[in-house]
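Each value in this text was obtained by applying a stated rule to the coordinates, not by laboratory testing. All values derive from a computational prediction rather than experimental measurement. Positions of Cβ are backbone-derived with ideal geometry, glycine not excepted, and every protein chain shown enters the neighbour counts.
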Amino acid sequence: MSINKALTEIKRATAEIIDFERVEKLVTAYYNEGKEYTIKLGLDPTSADVHLGHTVVLQKLATFQKFGANIQLIIGDFTATIGDPTGKSETRKILSKEQIEQNAKTYQEQIFKVLDPAKTEVFYNSQWLDELGTRGLTALTMNYNVARMLERDDFENRYKSQTPISISEFLYPLFQGYDSVALKSDIEIGGTDQKFNMHMGRHLQRAYGVGKEQAIVMVPIIEGLDGVQKMSKSLKNYIGVTDAPNEMFAKIMSISDELMWRYYELLSSKSLEDIEKLKSGVSNGTLHPKMVKEELAVEIVTRYHSEDDGKSALEAFNKQFKQNQIPDDIAEYKVEEGIWICKALVECGIEPSTSQSRRDIKQGAVRIDQEKVSDEQLKLESGEYVLQVGKRKFAKVKVG
RNA sequence: GGUGAGUUACUCAAGUGGCCAACGAGGGCAGACUGUAAAUCUGCUGGCUUUCGCCUUCGGAAGUUCGAAUCUUCCACUCACCA
């Protein structure tokens, strides 16, 4: 692959790159002299729920690995005890050491599904931050001043609205920046929300005479399933990397075609050229968009589960929806004979209340063994049935 | 510390004595159409072993009234202006 193609892949789907020239030089040196370089990613192990939004940066790192980068993965065990103020409107709660360790472990498990461990080194930043000492800490703080610290939007807003800012939060960007000094990183990567902190790394590398200033690669925040708001757990529009294969598959299939291309760009391991081919195939009608989406879904499920899971998720999906068949793995429940249909639906957990059941029956959303239920007074005779609400909620019941 | 405005369902937001389980919007769910996509159209969106009925809800508590989300008092919280 040519240097130009490599650089195009690197630039793909990035939000912003600061000092791109430097990246160019590093990649060129790798191609001409086989010289490798380092790229740093700091992880804040404060939460264990990893979703696809967090993996965008990992895809980018996987790309860099192909083009001569060694990854410096920093588990921010020290900084996690402070709490990153980014995007926060109040001082963050501090986690226990055990929680941090547990989260760090979960992260690494997920990360090595995407990254090559041979080209990845894991560090804990307490390693050098613990040794800094009061003297070292003081020296570090002398490299920045309060006025510039307050330039940060979230600090500025909090200061103006008189929301407390802890001194320790001022230290966070300094510590993160110091990681770059300790590791002499060539590039730092992170989300756009990390801009300030990553700039600090550049600033401190110069202040400490490291002899280089890291380039900064920022990846965008991915949109959630709705295609509008950012992917987040609280908005319930996320795909978790630990989601069950079939669920993960179905979630990806439910995104809009437009959003699909965005996901391709940000999450797929396919090259830009291959994606272009798919796009033109769809626009000239030779490829069905649903097939293209399936391909993406299989890729993602395979990545976080296995090839077999990817295949079987595809089969299960088509079986259920294309051919309108009932899925194999549905939960079974036992209920009493003569039970009212509405009550049975609630007991199987596919309806929240009998009132809701009534409404759904009225709308023709409820089926027993594929047959639409029209009588909301129906009582179930003994036997075995498959209850269904809408297209995706199923339950098997044994009556009697 | 003083004064004023506010607190309504998942969210925003109307309602200022009975027609209120509470307008509207978003979201969500379901139906039609499809590729379980999007867009569009339609319906629903507190609960109840039974629904032109009953029960619980409009920050919390107490009261006025035949009747309160709406009026009164106290409490809690949020915001604005003044000091």
- [ ] List every residue whose amide H lies under 5 Å from the amide H of A:Tyr124, counting only residues 5 or more places away in sequence or on a different chain, with H placed 1.01 Å from N in the peptide plane.
- [x] A:Ile75
Task: Within segment A:116-257: Cβ-based charge dipole about Cα centre, in debye rounded to nearest 20 (Lys, Arg +1; Asp, Glu -1) - done: 420
TODO: Give a quick list of trypsin sites (Lys or Arg not before Pro) in segment A:335-398 that DSSP marks as loop, anything other than H, G, I, E or B, with at most 13 other Cβ atoms within 10 Å.
DONE: A:Lys391, A:Arg392
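May I ask you to order A:209-222, A:279-292, A:61-74 by the average number of other C-beta atoms within 10 Å around their residues, highest value first?
Descending mean neighbour count gives A:61-74, A:209-222, A:279-292.
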Open item on the list: Tell me the relative contact order for chain A as a rounded percent, counting alpha carbon contacts under 8 Å between residues six or more apart.
Closed with: 14
TODO: Rounded to whole Hz and in sequence order, give me ³J(HN,Hα) for segment A:338-353 from the Karplus expression 6.51 cos²θ - 1.76 cosθ + 1.60, θ = phi - 60°, writing x for Gly and Pro.
DONE: x, 5, 5, 3, 4, 5, 4, 4, 5, 5, 7, x, 9, 9, x, 7
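Using mean Cβ contacts within 10 Å as the protection proxy, how do A:8-15, A:197-204 order, highest first?
A:197-204, A:8-15
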Task: Chain lengthening between A:Gln325 and A:Ser47 when straightened (0.36 nm per residue, less Cα-Cα) - done: 96.2 nm
Task: Charged-residue dipole, Cβ positions (Lys, Arg, Asp, Glu), chain A about Cα centre, Debye nearest 20 - done: 680
Task: Paramagnetic label zone (point 7 Å from Cα along Cα-to-C-beta, A:Glu258; backbone N under 20 Å) in segment A:212-227 - done: A:220-227
Task: Cut-off under 5 Å, modelled amide H: who pairs with A:Val219 long-range - done: A:Ala15, A:Gly190, A:Gly191, A:Thr192
- [ ] State the extension gain, in nm to one decimal, for the chain segment bounded by A:Lys35 and A:Ala147, taking 0.36 nm per residue of separation less the distance between their alpha-carbons.
- [x] 36.3 nm
Task: Segment A:Tyr159-A:Lys66, extension gain: residue separation times 0.36 nm, minus the distance between their alpha carbons - done: 29.1 nm
Task: Inter-site label distance for A:Glu276 and A:Thr81 at 7 Å from Cα along Cβ, in nm - done: 5.1
- [ ] Compute the FRET efficiency between A:Thr134 and A:Phe20 as 1/(1 + (r/R0)^6), taking r as their Cβ-Cβ distance and R0 = 35 Å, and round to the nearest 0.05.
- [x] 0.35
Task: Student exercise, segment A:3-219 dipole from Lys, Arg, Asp, Glu Cβ charges, in Debye to nearest 20 - done: 340
Task: Relative contact order, percent, segment A:256-399 [alpha-carbon distance under 8 Å, six or more residues apart] - done: 18
Task: Percentage relative contact order, segment A:3-219, counting C-alpha pairs under 8 Å, at least six apart - done: 27
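Sum up the charges of everything whose Cβ sits under 12 Å from the Cβ of A:Asn237, counting Lys and Arg as +1 and Asp and Glu as -1, but leave A:Asn237 out.
So the surrounding residues net to +2.
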TODO: Kindly express, to the nearest 10 degrees and within the range 0 to 90, the angle between helix A:52-66's C-alpha long axis and the longest C-alpha principal axis of chain A.
DONE: 50
- [ ] Calculate for chain A the 222 nm mean residue ellipticity that helices alone would give, adding -39,500 (n - 2.57) per DSSP H run of length 4 or more and normalising by residue count, nearest 500 deg cm²/dmol.
- [x] -14500 deg cm²/dmol
TODO: Obtain the nm distance between the two label points defined at A:Ser269 and A:Ser96 by a simple spin-label model: each point lies 7 Å from its Cα along the Cα-to-C-beta direction.
DONE: 3.8
TODO: Run through the DSSP bridge list for chain A and note the antiparallel percent, rounded to the nearest 5.
DONE: 45
Task: Rounded tilt (10° steps) of A:195-207 against the dominant C-alpha axis of chain A - done: 20
Open item on the list: Could you tell me how far the Cα centroid of segment A:294-331 sits from the Cα centroid of segment A:99-143, in Å?
Closed with: 37
